[in-house]
1. Can you give the longest stretch of the chain with no exposed loop site, where a site means GluC sites (Glu not before Pro) in a DSSP loop (not H, G, I, E or B) with at most 15 other C-beta atoms within 10 Å?
2. Once you have the Cα-Cα distance between Y177 and Q150, take 0.36 nm times their residue separation minus that, and quote the gain in nm to one decimal.
3. Counting only protein heavy atoms and a 1.4 Å probe, tell me what percentage of the chain's accessible area is made up of carbon and sulfur.
4. Residue by residue through the range 73-79, what is 3J(HN,Hα) from phi via Karplus (6.51 cos²θ - 1.76 cosθ + 1.60, θ = phi - 60°)? Round to whole Hz and write x for glycine and proline.
5. Where only protein heavy atoms count, and the probe is 1.4 Å, what is the accessible area per residue for the chain in Å²?
6. By how many nm would the segment from M28 to D84 grow when fully extended, if each residue of separation counts as 0.36 nm and the alpha-carbon distance is taken off?
7. Given the protein chains as shown and a 1.4 Å probe, how many square angstrom of M28 are accessible, to the nearest 10?
8. Give, in nm to one decimal, the length gained when the segment between D19 and S61 is fully stretched (0.36 nm per residue of separation minus the Cα-Cα distance).
Amino acid sequence: KQMFHAILFQGSEFAYNPDTKETNLACMFGYAVNREGKLQIANRIFETRLYNYFLSEEELSSTIGNMAKRDKSYFICNGQLDMDIILEKFVVYFNEIYGENDNKFIEAYGRKFFLLYLKPIINGIGNYYIEAQTRDARRTDVIVDYCGEQFIVELKIWHGNEYNERGEKQLLDYLEYYHKKIGYLISFNFNKNKKTGVNKIALGDKIIVEAVV
């Protein structure tokens, strides 16, 4: 359980070792496979079920999830998801609830908090999945589907001067692949001089809505 949690939410990597009990059980039941010497979740169905399992464990006690549930009507306009408002409120809620926690805590759980926040908003109508190829210790891409509309949300962990080396290029490539004009970037920024909030960045014919927490 701890191993799957670390893989999904923190981008941790584990070497494939069939002699360990955890790896042996995970592969025997088909939850995980050996890919190039690394233990990975077998497929997107298992991955989604595991995400839902972990999130449902914390759903009732999640402060940020309960706040999103309370304000759900603000995020839906004419039956469509307003991702700009979702990000704006996420920055406010996150800093209000978790702003005093240390960097290690936020780095380990920041992305989980966004999914806990997102899940009650789209629950019953929309769905999401994590792009496994971009999930690592620094980056995760979340694809959100809601009433026929698709949103690309990139989650980034930033440290120090690394914040100046923005991840727009990666997100632009992804938008091009999905034929989208607007993308969303959530930066968990540990720069002491950071300015939290949401702003729009125009890059060619694309727009990136960046939320800094």
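The values are calculated or read from the model by the stated rules, or taken from the named source; none is laboratory data. Fair warning: this is a prediction, and the values are worked out from it, not measured in the lab. Glycine also receives a Cβ, built like all others from the backbone with ideal geometry; neighbour counts cover every protein chain displayed. Protein only, heavy atoms only, side chains kept; ligands, DNA and RNA dropped before computing areas. Shrake-Rupley method; radii C 1.70, N 1.55, O 1.52, S 1.80 Å.
1. Result, exposed sites excluded: 37-99.
2. Using 0.36 nm per residue and subtracting the Cα-Cα distance, I get 8.5 nm.
3. 49 percent
4. 4, 6, 8, 10, 10, 6, x
5. On the way: 11290 Å² over 213 residues.
I get 53 Å² per residue for this part.
6. Stretched fully, the M28-D84 segment lengthens by 15.9 nm.
7. Taking all protein chains as shown, M28 has close to 120 Å².
8. Working: separation 42, 0.36 × 42 = 15.12 nm, distance 3.66 nm.
Contour length minus the Cα-Cα distance gives 11.5 nm.
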